Amino acid sequence: MSTAPTETKDKSKADSTYYYFKSTPAHIAKNYVPQKIDSNGVMPEQTPRLPVVENTQGSAWNRMGTWEEKDYSKWARDRLKELLLEMECPVFSTGELKISDVVTAEGDATILYLRGKKRLGFELNLKAKWKGKVNDKEVSGHISIPSLDSDDWPDDIEIDFTAEKSDSPHLEARR
């Protein structure tokens with residue numbers, strides 16, 4: 001009965017595929033001897049290196065211009081508020097309108113440096129109040145841009161324009 005454990009041990013070695021592989025012959029192994037790299041980090045002569053392309057945009061650390069993202073969300077929201085408040089609405093024959101207050105400006109805006117090219121990405125939503133005069137009567141309402149997106153810019157922007165009342169001056173202002 002003492003021979004049974006050794007037979008099991010020998011049998012498990014025979015069942016393993018690892019023991020069937022021979023080691024690399026010495027004359028072939030010479031081709032794969034590790035080589036020491038110089039202290040300045042230069043690769044050996046037989047290994048060609050890719051040329052480093054100087055990135056003129058983005059950070060100094062990203063010389064190859066692979067991927068870099070900078071957040072400009074706060075700046076974009078603040079600037080959009082400024083622009084909306086300064087914006088001159090077209091004067092029409094019966095009156096004029098102006099954006100009086102920006103209620104909300106939310107969302108994200110980034111500048112992407114991808115493969116050495118600058119790309120803009122943004123997704124914002126805006127809500128503002130407007131007021132004005134139509135036929136010498138005060139009118140007011142709300143304007144909403146639920147999805148101001150870089151994918152849709154500038155061709156497909158949805159703008160919701162509502163009036164606070166449904167009388168004729170407010171309906172005229174909505175046109």
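The values are calculated or read from the model by the stated rules, or taken from the named source; none is laboratory data. Predicted model, so just to flag it, every value in this text is computed and none were measured. Here the Cβ is made from the backbone with ideal geometry for all residues, glycine too, and neighbour counts use every protein chain on show. These accessible areas exclude ligands, DNA and RNA; they are computed on the full protein's heavy atoms, side chains included. Shrake-Rupley method; radii C 1.70, N 1.55, O 1.52, S 1.80 Å.
Residues that are modelled with pLDDT of 60 or more and of a type in the set (S, T, N, Q) do occur in the range 94-103, at least one of them. Residue pairs whose Cβ atoms lie under 9 Å apart, separated by 6 or more positions or on different chains, with the first residue in the range 81-102 and open to solvent by 60 Å² or more (accessible area, probe 1.4 Å) and the second hydroxyl-bearing (Ser, Thr, Tyr), are Leu85/Ser100. The residues of the range 130-147 that are surrounded by 15 or more Cβ atoms within 10 Å (Cβ to Cβ) and either of a type in the set (Lys, Arg) or in contact with a helix residue (DSSP H, G or I) (Cβ under 9 Å, 6 or more places away or on another chain) (or both), listed by number, are Trp130, Lys131, Gly132, Lys133, Val134, Lys137, Val139, Ser140, Gly141, Ile143. Output yes when any residue across the range 27-43 is open to solvent by 90 Å² or more (accessible area, probe 1.4 Å), in contact with a Pro (Cβ under 6 Å, 6 or more places away or on another chain) and either at pLDDT 90 or above or not in a strand (DSSP E or B) (or both), and no when none is. Yes - at least one qualifying residue is present in the range 27-43.
Identify all residues within the range 126-175 that are closer than 30 Å to Thr66 by Cα and in contact with a Gly (Cβ under 7 Å, 6 or more places away or on another chain); write none if there are none. Correct list: Ser150 only.
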